[in-house]
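Report on the following structure.
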Amino acid sequence: MDQKEFRRACYEAARRTAGDVKEFQYSYYVPNFDQCHIAYPHRTVAVLWTRDWGKNATWHGLGIAATPVESGSLTFIDEPGLLAVLKELLPACRIFTRAELEGPLDQAEWPWVDEDDVRYWRPDNLGEALFNHWD
């Protein structure tokens with residue numbers, strides 16, 4: 001997946017869930033995720049996209065944050081309709097629920113998350129390890 005596909009999916013997901021895309025923020029180093037801000041009448045959420053940052057990235061993951069992310073810790077949420085549409089539009093991506101992201105990090109399951117970073121930054125959960133502001 002590339003940024004163009006991420007944008008297309010976010011616009012379509014927003015349209016199908018009665019949201020409005022407000023902004024995209026792309027990252028090329030820190031944080032390690034891109035985000036799309038989608039406004040709904042009750043709140044604005046951020047669709048977060050991270051991936052294996054290696055040259056031949058083969059893994060892509062999406063999560064939803066309660067608010068657009070500037071810095072610091074993330075608050076993950078479930079927007080069931082948005083999650084379902086993203087899963088349909090991006091079947092090759094791993095779509096994470098709030099419960100998964102707030103669960104523990106199993107380093108063996110995520111070998112591309114650097115062990116030294118995990119020891120130094122000490123993420124509290126899987127979400128903090130996968131979607132982070134580490135340098």
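The values are calculated or read from the model by the stated rules, or taken from the named source; none is laboratory data. These figures come from a predicted structure and were not determined experimentally. Note that we place each Cβ from the backbone using ideal geometry, even for glycine, and neighbour counts take in every protein chain shown.
What the table below lists for this structure:
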{"read-out": "Failed condition for residue 51, given (1) out of contact with any helix residue (DSSP H, G or I) (no Cβ under 6 Å at 6 or more places or on another chain); (2) modelled with pLDDT of 95 or more; (3) surrounded by 20 or more Cβ atoms within 10 Å (Cβ to Cβ)", "value": "(2)"}
{"read-out": "Helices (runs of 4 or more DSSP H) contained entirely in the range 92-135, each with at least 1 residues that are loosely packed, with under 12 Cβ neighbours inside 10 Å", "value": "98-101, 115-121"}
{"read-out": "Scope the range 20-77; condition in contact with an Asp or Glu (Cβ under 6 Å, 6 or more places away or on another chain), more than 20 Å from residue 103 (Cα to Cα) and not β-branched (Val, Ile, Thr); matching residues", "value": "26, 27, 37, 39"}
{"read-out": "Any hit, the range 73-83, residues being in contact (Cβ under 8 Å) with a residue 24 or more places away in the chain, buried (at least 16 other Cβ atoms within 10 Å of the Cβ) and touching a Ser or Thr at 6+ places or on another chain (Cβ under 8 Å)", "value": "yes"}
{"read-out": "Any chance residue 89 is of a type in the set (A, V, I, L, M, F, W, C) and farther than 17 Å from residue 130 by Cα", "value": "yes"}
{"read-out": "Selection count, the range 91-125, where residues are more than 15 Å from the chain's Cα centre (by Cα) and among the hydroxyl-bearing types (Ser, Thr, Tyr)", "value": "1"}
{"read-out": "Residues (farther than 19 Å from residue 87 by Cα and in a strand (DSSP E or B)) located in the range 6-63", "value": "22, 23, 24, 25, 39, 44"}
{"read-out": "Scope the range 1-44; condition out of contact with any helix residue (DSSP H, G or I) (no Cβ under 7 Å at 6 or more places or on another chain), of a type in the set (Val, Ile, Thr) and over 25 Å from residue 109 (Cα atoms); matching residues", "value": "44"}
{"read-out": "Boolean, residue 85 is in a helix (DSSP H, G or I), within 26 Å of residue 40 (Cα to Cα) and of a type in the set (Val, Ile, Thr)", "value": "yes"}
{"read-out": "Selection count where residues are over 15 Å from the mean Cα position of the chain (by Cα) and either within 30 Å of residue 117 (Cα to Cα) or not aliphatic (A, V, I, L, M) (or both), scope the range 1-22", "value": "10"}
